[in-house]
Structure formats: structure tokens, C-alpha cells
Amino acid sequence: MDSLGRDGLGVRQMRTRQTKYIFVTGGVMSSLGKGLASASIGALLEARGLNVTFLKLDPYLNVDPGTMNPFQHGEVYVTEDGAETDLDLGHYERFTTSDMGKVNNVTAGRIYDTVLSKERHGDYLGGTVQVVPHITDAIQERIAVAAEGVDVILVEIGGTVGDIESLPFLEAIRQFRASVGRQHTCFVHVAPVLYLSAAGELKTKPVQHSVKELQSVGLAPDIILCRTDRFLDKAIKAKIGLFCNVDDDAVITAKDVDTIYEVPLVFHQEGLDEKVSQVLNMWTGRPDLRKWEEVVQTLREPKLELTITMVGKYVDLTESYKSLNEALVHGGIPTGARVKIEYVDSEKLEDGTALRDSQGILVPHGFGSRGTEGKIRAVQFARENDIPFLGICFGMQMAVCEFARNVAGCEGANSTEIDVNTPHPVISLLPGQESIEDKGATMRLGSYPCTLVPGSRAALAYGCTEIAERHRHRYEFNNEYLERLEAAGMVFSGRSPDGKLVEIVELPDHPFFVASQFHPEFKSKPFAPHPLFQAFIEAVAKRQAAKS
Ligand code: GLN
């Protein structure tokens, strides 16, 4: 049964009322998929006609994740307004139509930074500055700012309940619930239910313990999402409900799935959106999930399978390439292709042998000199063997170096990031960047406009000539080499509107060779695959079809 209001009137009425707040916490361990769970709840509520947004609260002390090594933290997701954020914001944007930005990811470091700056400024008028109330108030202010103008905000608390770092956030949301009213808030707790094969049993104790941990800080979940590898039956749900003090129908199976785009469907089947609506006293229509079903169907029963070789540095932690991986998957959907990714460590790439069977090659973003020669070899292999190639950011810079060296006769061409003394600095810093010493938030970040050359492969893929894409880099193409590389056959098909910055390069005499200085992957969604990824996968499919 849905919670009434099927004519949409309820939704309109609600908009004039109160914003609703959903808080998502995680227990026992990390990597339970809290981010995906939050994104999926958002997707279901959006499908019920509500206007949703998100806030990720991260308990670490970095002011933002921009300075963190991808090996530690996974991908840094860049928003339109140039915020360097947690990768969960990528899930939020991919799963819904919400636009994330600076206000949607706040770390403990950012909160402390704000409070301490105010303290130095004398704003506390001689008072003692403390975690409670000053830090907890600052957290609550951030929640209120992020929630402006929406029906529902999902606030995901990073880390695990019981961590010392999470405490101020948990206290802040406890107080928040008291101030906005219980009926406007919903607490969702994600915890594992483990199947012990030796005992042949599902174990609910870890869930019970983590709920106890929540209770010890004054919080009680309304809904428990049990992360598990199988559907939980009624008896197990009743047991968890009894011991954790929630309704039986508030115990939801968050079952492992083949594709992440199935999560909203599983949640819906388990009655999650219905329960959330009930807890929040919301009257909304039944969700229309047809587009989700279609995507899942295509990915489950694809017409063909393709494999893309990604030649990068962070291959042992593929979370570093989260948005790229997803954009490749999206790129295959219109062709009915399931795209698999094979990761090759650029440091180990001595020659093209490992790439001999590659169907398509992607060289992704990267920083620093480690593994760069391997990336350049991968570009060369793709170019010389007519293998579809897509270069992203550092991948474009490597493509330029390769072309300069091996086609335009600029021996030793390089980026000054790798070799400051290169005889041919084809990629270099713009004047002004050299003097920047702070590492945090000082790159070219966020969305910039770009004009495409009509008739170019890029313009054909986009179907227009004015685009805007997100950036995160310090180095740029050095225009002193433009004519020389152009004369050798490289096409500069995308530039900033003033013509000063090169944004896309391509090779016309090749099945598909396109590289962008920006990060197209951040704007790709399952229902709106990014044109460059779609065109890349189409080229790969075409080449494979011709071969067979
Ligand atoms: N390291 C390069 C730069 O800063 C590329 C960055 C990236 O790939 N995101 O310009």
C-alpha cells in the first residue's frame, strides 16, 4: 500500500510545509554502501515526486578531501561550483537530478576551521569555545544551509558509529531532531547481517550491538538497513525489530546486487520508500521506477560485452576511478553493451604486449611522475594500432606528449610537472600558477565553458558546439606548440571561448582518438550517458563488430 496522496496534491501541500530530514548512519564497519543507500533513498523519493538534496558529513580533519591521496580516500569528486568532495556526492548526482556543490560536503576539518576563525576574530566575546555547543551548533547550521528549499534532505554521516570522530556529528543530529521535531526526521542505520557458513546461520548480533552503540549517544533508528548477501525472512526481521526497537517492516534487506542501479529497486521491493514516507508523515504518490528497471534490464541482459583497458596508477584501488568506471558503464547502455574494465598498472607497462588484445584504451587522470612513461606508451600503442582511445585530464596531457615526441618531432617533449627541464614543455603551468604554494583548492576547479570546432568528432558526439565541463588540474596545454602539433595532424577541437585554453585534442585519421583536459565522467548519469563516453564505446563496438 502506498501512503495515499496519489494525485500529487499531497506533494504540493508538503512543499509549503516543512523540510524533512533523513539521517543515515553506519555501524560495525565501513564499506557497507551507506553512500549508495543514501543515493538510492534519494532516487526513490525523487521518483515519488519530491525534491531532494544531500549532505555528506565527514568526520576527518582535512578541510576537504582535495589534499588526500586517492589510495587513502578513493576518488575526489568535483562539483560544478568547483568543490573537491567525497565520492559519495558522485552517487548522489548520478542517482538523482540534484546538483551538488560546496554546501553538500562538510568535513570536521571545515567545521573546526570555521569555528576557530571565528574564535580568532573574537566572535565568541570571551566565552569558552567547546565541542558542545560551538562545534555541534556549526554542524547544525550546515545542515540547515544545505536543506534550504527542498522537500527532503538526506544527511549521511561518514565513518562508523562508535568512532571518537563521529561523536560531535551524532550529538548534532540528536539536537537537530529535538529542534525540528521528531515527525520531520527519520534515522536510518546501515549495519551488516552476516551469514556464517560454518553455522549455516545469519548473525544479527553485530546489528544489535551497533544499535546499542547509537542508543548510548541518545539516538534510536527508525529504520535499519541490513547489508547482507541474501533476503532476510520475516522471522529474522522480527528478531532484529524486537531487539533493536523498531517495527518489523522497518527492517529492510540491503542485499548485495549485480549492478548498483538495482539498489533502488530492491529497496522499493522491501518497502523502504513507503516506510520512510510513513516515518516522515509524507503523503506522496507511488514511485515511477520504469527507467531504473530499463537500465537494470540492459545491464543484466546486454546485447554484447566490451572490455576497456584502463592504464593508470591507482589500479589497486579502483574506487579512485569511481566516476570513470560508472561513465564507461553508462556509455555502453545506449548500445546495449555491458562494459567491463581491465586495469593495467602504467608503471609495469614496458611495451604494448599487455595491450595487444585491448578493445579500447583509456588513460585516466593522475598526478606526479610515477608511471607516466607507461601511459605514454599506452597512448602510442592506441594511436599506432587504431585502437579507440579516450584520454582524461592527465591522459590528455600524456596524449599531447606522445604526439609531440613521436609525430611532431619534439624529442623529449613532456609536461613540466614531470620534467621541469624538458626541451619541449608541451604541457606547463600558466603564468601565476608557479607562485601558488598552498596545495588545497588551488587548481583549476569546477565548470568552465568550452567551444567546439564544428564537424569535429567532439562536436559530433555532443551534437552542439557550446559545452561546459568540470576541471581539476594545474597544468595546461602550452599554446607555443599549437601550430607545430596542428601542422603534424593534431586537431584542437575544444578551446575556452577566448581561445586561450586547449580543452580537447583529437586525431582525425583514427577510428576514435579523443582526449579532454576536463573530466567528462563527473556529468555522466545512467539515464543520460556522457556523449564522449557513449561515442567512445560506440567506436569500440563498431571496431569489434568489424573484426568478427
Ligand atoms: N596532474 C595534472 C595537472 O595537475 C593532471 C591532473 C588530473 O589528471 N586531474 O594538471
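What follows is calculated from the coordinates using simple rules that are stated; it is not laboratory data. Quantities reported herein were computed from a predicted structural model and do not represent experimental measurements. In this analysis, Cβ positions are derived from the backbone assuming ideal geometry, glycine residues included, and neighbour counts consider all displayed protein chains.
Some points to look at:
- Cut-off under 5 Å, modelled amide H: who pairs with G312 long-range: V344, S346
- Whole-percent pair-distance distribution, where bins are 10 Å wide, for the alpha carbons of region 477-548: 17, 40, 31, 11, 1
- DSSP-assigned coil residues among GluC sites (Glu not before Pro) in region 319-366, each with at most 15 further Cβ atoms within 10 Å: E350
- Note on region 390-477: with charges restricted to the Cβ of Lys and Arg (+1) and Asp and Glu (-1), its dipole about the Cα centre is near 280 debye.
- Distance distribution P(r), the chain, all Cα-Cα pairs, bin width 10 angstrom from 0: 4, 17, 26, 24, 17, 10, 3, 0 percent.
- Between V217 and E466, full extension at 0.36 nm per residue minus the direct alpha carbon distance yields a gain of 84.4 nm.
- q = 0.20 Å⁻¹, region 200-297: log10 I(q)/I(0) [Debye, one scatterer per Cα]: -1.06
- Computed from phi, the 3J(HN,Hα) profile of region 191-201 under the Karplus parametrisation 6.51, -1.76, 1.60 (θ = phi - 60°) reads 8, x, 10, 9, 9, 9, 5, 4, 8, x, 9 Hz, with x in place of Gly and Pro.
- Inter-part distance where region 288-304 and region 33-78 are each reduced to a Cα centre, Å: 24
- Positive-end ranking of H365, I260, I164 along the dipole of the chain, with charges on Cβ about the Cα centre, is headed by I260.
- Tilt relative to the chain, helix 167-180 - C-alpha long axis, 0 to 90 degrees, to 10: 60
- Nearest-20 debye value, region 139-281 charge dipole, Cβ charges on Lys, Arg, Asp, Glu: 500
- Additional length obtainable on full extension of the chain from E342 to E141, 0.36 nm per residue less Cα span: 68.0 nm
- Cα-based Kirkwood hydrodynamic radius, region 315-376, one decimal, Å: 13.0
- Each of the peptides 228-235, 362-369, 301-308, 42-49 was scored by the mean count of other Cβ atoms within 10 Å over its residues; in descending order, highest first, they stand as 42-49, 362-369, 301-308, 228-235.
- Relative to the longest principal axis of the Cα atoms of the chain, the long axis of helix 322-332 makes an angle of roughly 70 degrees.
- The peptide list 211-220, 155-164, 395-404, put in order of mean Cβ contacts within 10 Å with the highest first, becomes 395-404, 155-164, 211-220.
- Once you reduce region 191-264 and region 360-427 to the center of their Cα atoms, the two points are 49 Å from each other.
- Cα pair distances in region 384-466, grouped into 10 Å bins until the bin that holds the longest one, percent each: 14, 33, 36, 16, 0
- Cβ crowding within 10 Å, taken as a proxy for footprinting-reagent exposure, orders S456, S210 from fewest neighbours to most as S456, S210.
- For V453, net neighbour charge (Lys/Arg +1, Asp/Glu -1) across residues whose Cβ lies under 13 Å away: -2
- Semi-axis lengths, largest first, of the ellipsoid equivalent to region 90-187 are 25, 16, 14 Å, with √(5λ) applied to each eigenvalue of the Cα gyration tensor.
- Angle in degrees between helix 394-406 and the longest Cα principal axis of the chain, rounded to the nearest 10: 10
- Overall shape: oblate for region 313-443, with the ratio a/c of the largest to smallest alpha carbon gyration tensor axis at 1.5 or above and b/c at least equal to a/b.
- Of the residues S435, M282, V514, the one whose Cα sits farthest towards the positive end of the charge dipole of the chain is M282 (charges of +1 on Lys and Arg Cβ, -1 on Asp and Glu Cβ, taken about the Cα centre).
- Between L306, L89, P206, the Cα set farthest toward the positive side of the dipole of the chain (charges on each charged residue's Cβ, about the Cα centre) is that of P206.
- Taking Cα centre as origin and charging only the Cβ of basic (Lys, Arg, +1) and acidic (Asp, Glu, -1) residues, the dipole magnitude of region 405-548 rounds to 640 debye.
- Normalised alpha carbon radius of gyration of region 252-317 [divisor 2.2 N^0.38 Å]: 1.56
- Relative protection proxy for 285-295, 521-531, from highest mean packing down: 521-531, 285-295 (other beta-carbon atoms within 10 angstrom).
- Distance between the 7 Å Cα→Cβ label points at Q130 and D438: 3.1 nm.
- Per residue, the convex hull volume that the Cα atoms of region 233-389 enclose (Å³): 170
- Taking amide H as placed 1.01 Å from N in the peptide plane, the amide H of V155 sits under 5 Å from that of I22, F23, V24, L55, each at least 5 places away or on another chain.
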